[in-house]
Amino acid sequence: MSAIRHALSVKREDDFAQWYQEVISAADLAEESGVRGCMVIKPWGYGIWERIQRLMDDRIKAAGVQNCYFPIFIPLANFEREASHVEGFAKEMAVVTHHRLIADGKGGLIPDPEAKLEEPLVVRPTSETIIGDAMARWIQSWRDLPLLTNQWANVVRWEMRTRMFLRTSEFLWQEGHTAHADAEDALSETHRALEMYRACAEDDLALPVIAGEKPENERFPGALETWSIEAMMQDGKALQAGTSHYLGTNFAHAAGIQYQDKEGGQQYCHTTSWGVSTRLIGGVIMTHGDDDGLRVPPRIAPHQVVILPMLREKPEDEALLAYCEELRAMIAQESTLGEPVRVLLDKTPGKAAAKRWDWVRKGAPVIIEVGGRDMEGGKVSLLRRDRLWGEGGKPAFSYPQRDEAVQSMTQLLADIQAALFNEARERRDANITRDITTMEELSAFFGEENRYPGWVEVDWSRPSGEALDKVVEQLKSLKLTIRNVPKDAGPASGTCIFTGNKAVEKIVVARAY
RNA sequence: CGGGGAGUGGCGCAGCCUGGUAGCGCAUCUGUUUUGGGAACAGAGGGUCGCAGGUUCGAAUCCUGUCUCCCCGACCA
């Protein structure tokens with residue numbers, strides 16, 4: 001029995017799905033739009049996305065990739081060219097068929113039958129085909145390679161079941177598309193992107209991930225290899241947080257992406273594509289959220305420090321605001337994690353104690369409250385969001401001198417960033433089980449009693465085709481999926497848990513979002 | 001898309017079975033008193049009850065359709 005009065009009404013352990021919904025509304029991240037599967041991303045949520053964008057974009061550009069923008073509409077014929085790609089996406093396409101509305105005579109509007117498009121346009125679910133077209137125009141010679149492009153865009157996939165940030169019909173992402181002279185070069189790019197995602201997830205979002213190759217049945221439609229980073233959520237499920245694909249020459253054949261090599265012969269390019277999306281925000285929520293709301297890692301927090309003056313609507317407020325403004329300016333002079341500290345002086349009317357809880361729910365890493373007594377003593381009241389509660393169920397304030405608080409900010413924010421990562425990593429490591437060697441054990445492990453069982457790493461023989469289908473079917477009955485073959489896992493030594501054959505590698509098996 | 005649940009002031013809900021023109025808590029606004037930890041009291045504002053049809057003298061309530069959300073499943077990067 002705890003005396004703590006939490007800022008949310010639902011606890012993670014009581015109803016994780018409902019808790020997730022509450023964090024999104026309580027932290028003011030996003031709201032429903034009235035359009036199926038589409039959400040309005042509100043300033044705090046979009047601010048987090050802008051931070052992710054900025055940090056990722058820096059990494060992308062550092063790798064020599066250039067940003068472009070391609071159309072949202074793709075001609076149907078263009079989309080049809082790559083067979084398995086079509087098969088993968090056909091079921092979830094938004095299609096534009098008309099270009100004009102007319103009155104229906106009942107006060108409403110309908111698409112004008114006279115204005116039907118000769119060829120329907122599909123709303124991009126991803127842009128391999130249309131970018132492939134451009135690549136075919138842009139690439140002539142081996143000197144044009146590698147061609148490294150990226151775009152930040154929205155895409156639409158008509159999902160059957162949607163969840164805010166995790167799976168929405170429309171979402172925001174970046175999609176990198178590259179063309180190379182040979183497989184080796186393209187594979188190297190596939191891995192560079194994967195490692196970039198791992199670094200961004202771990203260093204920027206404080207999400208520990210496992211990077212590895214997806215099994216054949218989970219490949220991107222049209223890809224020869226699909227690699228992913230997988231993050232463990234607090235309910236033990238896996239979230240695919242980013243993917244990187246080696247597409248071989250499949251799309252090059254479909255779009256005619258060819259170059260003349262040094263010997264004068266025509267060669268098909270080897271292409272890659274890779275992306276991360278607003279789904280990452282869902283991963284941040286389910287990794288760092290607690291029973292008081294979100295906890296935003298400092299690197300991606302729109303405001304890292306929020307100052308709340310304890311205003312009383314009296315003349316002495318002026319001096320207090322001046323004291324806080326000085327504090328704000330001093331903190332803004334400091335740097336942390338390689339950037340100037342982002343600090344907000346929240347002067348909106350209202351009591352500081354009430355506003356504090358809004359910022360707790362939003363997850364600002366550091367909250368500083370300043371009252372008249374603090375000012376007199378040259379102090380501030382400081383609260384770490386990642387260590388919110390102290391003795392007796394009260395917020396764990398510390399009361400440093402103002403100068404001391406300013407000087408501590410560089411280290412404090414770096415500490416919070418590290419603490420969130422370490423907490424998540426320890427939780428993940430504690431929840432990966434490696435000693436399961438039979439299907440019976442696996443089945444028992446994921447039985448009813450074990451609510452948040454986490455992940456299991458097992459040996460397998462990498463079956464293919466129908467043999468793999470059987471394995472997938474077995475796992476499905478336990479609601480499990482193969483997440484990936486971790487790059488960093490040790491060599492397999494035993495026998496395949498599914499087939500009994502000699503194991504060739506290890507896989508991670510888990511329930512997934 | 002199948003099964004289940006739900007849409008009533010900003011948020012959370014009651015009312016619906018047994019039709020009679022809308023209520024509670026929180027939040028908001030105003031005032032007073034408070035004031036170092038999510039203030040108290042008093043008063044006030046705010047809703048064509050998701051939308052569209054239908055039944056009826058009369059519909060939040062009954063019927064039909066439709067949209068959206070949540071949970072489970074199927075599907076899926």
Practice prompt. Scan the helices (runs of 4 or more DSSP H) fully inside the range A:386-480 and keep the ones with 3 or more residues being surrounded by 15 or more Cβ atoms within 10 Å (Cβ to Cβ), in contact (Cβ under 8 Å) with a residue 24 or more places away in the chain and in contact with a Lys or Arg (Cβ under 9 Å, 6 or more places away or on another chain).
Written response: A:402-430
Worksheet item: Would you pick out the residues in the range A:157-171 that are part of a strand (DSSP E or B) and surrounded by fewer than 19 Cβ atoms within 10 Å (Cβ to Cβ)?
Response: A:Arg163, A:Arg167
Worksheet item: Can you find even one residue in the range A:57-69 that is away from RNA strand B (no atom under 16 Å from the Cβ), within 19 Å of A:Val276 (Cα to Cα) and in contact with an Asp or Glu (Cβ under 8 Å, 6 or more places away or on another chain)?
Response: yes
Worksheet entry | Scope the range A:28-51; condition touching a Lys or Arg at 6+ places or on another chain (Cβ under 9 Å) and either over 16 Å from A:Val276 (Cβ atoms) or within 15 Å of RNA strand B (Cβ to nearest atom) (or both); matching residues | A:Asp28, A:Leu29, A:Ala30, A:Glu31, A:Gly37, A:Trp44
Worksheet, complete the sentence: Of those in the range A:225-235 that are open to solvent by 10 Å² or more (accessible area, probe 1.4 Å) and not aromatic (Phe, Trp, Tyr), the residue farthest from RNA strand B (Cβ to nearest atom) is A:Met232
Worksheet item: Any idea which residue in the range A:115-130 is least open to solvent (accessible area, probe 1.4 Å), counting only those that are acidic (Asp, Glu) and part of a strand (DSSP E or B)?
Response: A:Glu119
Fill in: Subset of the range A:371-394 [near RNA strand B (Cβ under 7 Å from one of its atoms), touching a helix residue (DSSP H, G or I) at 6+ places or on another chain (Cβ under 9 Å) and farther than 29 Å from A:Thr287 by Cβ]
A:Gly371, A:Gly372, A:Asp374, A:Met375
Worksheet item: Looking at (1) at pLDDT below 95; (2) part of a loop (DSSP other than H, G, I, E, B); (3) open to solvent by 40 Å² or more (accessible area, probe 1.4 Å), which is the one condition that is false for A:Pro71?
Response: (1)
Worksheet entry | Hits in the range A:131-156 (condition: over 19 Å from A:Arg81 (Cβ atoms) and either open to solvent by 40 Å² or more (accessible area, probe 1.4 Å) or within 7 Å of RNA strand B (Cβ to nearest atom) (or both)) | A:Gln140, A:Trp142, A:Arg143, A:Asp144, A:Pro146, A:Trp152
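A quick yes/no check of all residues on (1) loosely packed, with under 14 Cβ neighbours inside 10 Å; (2) at pLDDT below 90; (3) over 22 Å from the mean Cα position of the chain (by Cα):
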site: A:Arg12; (1), (2), (3): no, no, no
site: A:Val23; (1), (2), (3): no, no, no
site: A:Ala27; (1), (2), (3): no, no, no
site: A:Gly37; (1), (2), (3): no, no, no
site: A:Asp58; (1), (2), (3): yes, no, no
site: A:Ala62; (1), (2), (3): yes, no, no
site: A:Val65; (1), (2), (3): no, no, no
site: A:Arg81; (1), (2), (3): no, yes, yes
site: A:Lys91; (1), (2), (3): yes, yes, yes
Discussion item. Just to be sure I understand, how many residues within the range A:191-224 are in a helix (DSSP H, G or I) and either under 16 Å from A:Ala252 (Cα atoms) or open to solvent by 10 Å² or more (accessible area, probe 1.4 Å) (or both)?
Written reply: 11
Practice prompt. Kindly provide the set of residues from the range A:241-290 that are hydroxyl-bearing (Ser, Thr, Tyr) and more than 10 Å from the chain's Cα centre (by Cα), ordered by number.
Written response: A:Thr243, A:Ser244, A:Tyr246, A:Thr249, A:Tyr259, A:Tyr268, A:Thr271, A:Thr272, A:Ser273, A:Thr287
Fill in: Output for the range A:434-467, where each listed residue is touching a strand residue (DSSP E or B) at 6+ places or on another chain (Cβ under 7 Å) and more than 17 Å from A:Lys487 (Cα to Cα)
A:Ile436, A:Leu442, A:Phe445, A:Gly454
Discussion item. Taking the conditions exactly as written (within 18 Å of A:Asp185 (Cβ to Cβ), within 14 Å of RNA strand B (Cβ to nearest atom) and open to solvent by less than 10 Å² (accessible area, probe 1.4 Å)), does A:Ser273 satisfy them or not?
Written reply: yes
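The values are calculated or read from the model by the stated rules, or taken from the named source; none is laboratory data. Source: prediction; values computed, not measured. Neighbour counts are summed over all protein chains in view; Cβ atoms, including those assigned to glycine, are modelled from backbone coordinates with ideal geometry. To get the accessible areas, we keep the full protein, side chains included, count just its heavy atoms, and leave off ligands, DNA and RNA. Shrake-Rupley method; radii C 1.70, N 1.55, O 1.52, S 1.80 Å.
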